[in-house]
Amino acid sequence: MRKRASRSNEYEAECIPGLEAIAMDELNSYDAHSLETLRPGFLRFRFAGDSRLLLTLRSTIAVYSVYRFEVPRPKALLGHQHLTRLIGILRAAMRDWAMKNPRLGIGAAGANSQVITRLKEELARLLDVKLAEGNKGELYLRLVRPIDRSAWEVLVRLGPRPLSKRDWRVINMPGALNATVAYAMTRIRSQDAQNRVLNLCCGSGTILVEHALNSPAGQLLAVDNSAKMLSAAKRNLCASDTNHRVILLNADAGHTPLPSRAIDRIYADLPFGGHVGSHADNLRLYPALLREAYRVSKPDAVLILLTHEINLLRNCIAQSNWRTILETKITLSGLHPRLFVLKGKSTRIYK
Ligand SMILES: C[S@@+](CC[C@H](N)C(=O)[O-])C[C@H]1O[C@@H](n2cnc3c(N)ncnc32)[C@H](O)[C@@H]1O
């Protein structure tokens with residue numbers, strides 16, 4: 001049954017392009033309605049509840065309140081009537097999100113144009129706030145043109161920072177995974193029991209924390225061969241109060257001390273020669289990791305991998321005991337890594 005849209009407000013959720021379905025699932029569980037994808041990575045929806053609830057979303061990078069201004073171009077926002085309305089909206093945002101001395105940032109096509117610069121300076125003067133360097137302030141808005149191009153919309157971000165920046169991340173290592181991608185990996189459904197979960201190449205623990213917060217039961221094992229990464233993971237796990245469920249092992253992901261046929265679900269955000277590792281290392285690591293993951297898995301286990309070394313991983317999978325159930329391209333920091341979901345060749349494919 002279609003829900004009534006009365007007394008609801010319009011919002012835009014920004015998510016990782018390629019992971020819209022997971023963001024939609026989560027929004028549906030919050031009773032959002034009139035959900036639609038505007039373009040890759042941007043979802044529109046209506047929501048009748050308290051907007052503070054939306055700050056607990058884990059699959060979206062940021063959520064914005066949408067305000068429509070009947071103006072032909074952004075310059076008209078400097079006119080008295082529109083400027084007064086906009087100042088009211090931004091003052092309410094500063095109050096709602098308890099922002100003290102926020103810096104103001106505006107995202108727009110032509111963000112450095114004369115008009116947007118004037119608008120930014122005028123808003124900062126009237127609100128008595130500073131301008132953010134690089135346009136990314138705590139008080140952050142975007143100017144966008146609706147699809148019918150009949151007006152302009154001002155989108156004001158809920159909260160002083162993106163939702164992908166998690167409170168638990170007390171140590172931010174180079175190459176750490178975006179937490180919304182880690183969350184999406186933990187939401188991939190399968191028939192695995194999820195009692196015993198292993199994170200190979202766990203790095204600073206992003207997937208571990210998101211999994212532990214998402215599935216309050218079960219034991220987690222994690223392997224990395226860098227003591228520095230494991231110590232960062234420990235700090236992040238402690239900050240998220242999930243450390244008591246996780247055993248961290250300093251070992252090679254291709255040769256772990258784990259028993260055979262013990263694990264229900266395995267994750268790995270593989271090194272792909274950007275911040276971490278090199279192609280030469282991966283030529284050895286990828287096939288060894290697939291072999292080891294197969295050895296330690298129960299027969300119906302699922303293996304969820306993220307990498308930008310797509311051809312290498314595909315070739316290694318073809319020569320392994322795994323088969324690909326799902327391969328999803330995502331857009332992350334200007335790159336297009338892929339998410340692979342694998343099952344053992346001898347197990348049946350789940351729906
Ligand atoms: C892309 S990073 C993982 C980042 C992690 N998802 C995070 O959010 O911090 C890849 C990790 O693989 C680890 N690694 C590389 N080669 C390894 C190997 N042979 N055995 C175990 N871990 C390895 C690195 O130390 C690094 O922590």
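The values are calculated or read from the model by the stated rules, or taken from the named source; none is laboratory data. Because the structure is a prediction, the values reported are computed rather than measured. Positions of Cβ are generated from backbone atoms using ideal geometry, with glycine treated the same way; all protein chains shown enter the neighbour counts.
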Single residue of the range 244-256 satisfying the filter (more than 9 Å from the ligand (Cβ to nearest atom) and not in a strand (DSSP E or B)) that is surrounded by the most Cβ atoms within 10 Å (Cβ to Cβ): Arg245
Failed criterion for Val144 (all others in (1) within 16 Å of the ligand (Cβ to nearest atom); (2) surrounded by 15 or more Cβ atoms within 10 Å (Cβ to Cβ); (3) not assigned by TED's automatic domain parsing to the domain that holds Gly334 hold): (1)
Among (1) within 16 Å of the ligand (Cβ to nearest atom); (2) in a loop (DSSP other than H, G, I, E, B); (3) in contact (Cβ under 8 Å) with a residue 24 or more places away in the chain; (4) not β-branched (Val, Ile, Thr) - the single one Gly137 does not satisfy: (1)
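Out of the range 151-173, which residues are in contact (Cβ under 8 Å) with a residue 40 or more places away in the chain, over 14 Å from Pro74 (Cβ atoms) and surrounded by fewer than 16 Cβ atoms within 10 Å (Cβ to Cβ)?
Filtering the range 151-173 down to residues in contact (Cβ under 8 Å) with a residue 40 or more places away in the chain leaves 151-160, 162-164, 166-171, 173.
In the following step, the residues that additionally are over 14 Å from Pro74 (Cβ atoms) were identified as 156-160, 162-164, 166-171, 173.
If the condition is that a residue be in contact (Cβ under 8 Å) with a residue 40 or more places away in the chain, over 14 Å from Pro74 (Cβ atoms) and surrounded by fewer than 16 Cβ atoms within 10 Å (Cβ to Cβ), then Asp167, Val170 are the ones that fit.
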All positions within the range 281-296 that are of a type in the set (D, E, K, R) and within 12 Å of the ligand (Cβ to nearest atom): Asp281, Arg284, Glu292
Condition check for Ala288: part of a helix (DSSP H, G or I), in the same structural domain as Gln219 (by TED's automatic domain parsing) and in contact with a strand residue (DSSP E or B) (Cβ under 6 Å, 6 or more places away or on another chain): no
Lone qualifier among Ile61, Ile16, Ile116, Ile22 - being at pLDDT 95 or above, touching a Pro at 6+ places or on another chain (Cβ under 7 Å) and crowded, with 17+ Cβ neighbours inside 10 Å: Ile61
Considering residues of the range 266-280 that are of a type in the set (Gly, Ala, Ser) and modelled with pLDDT under 95 only, the residue nearest to the ligand (Cβ to nearest atom): Gly277
Residue check, Pro259 at pLDDT 95 or above and assigned to a loop (DSSP other than H, G, I, E, B): yes
Selection status of Lys228, within 15 Å of the ligand (Cβ to nearest atom), more than 23 Å from Leu342 (Cα to Cα) and exposed (fewer than 15 other Cβ atoms within 10 Å of the Cβ): yes
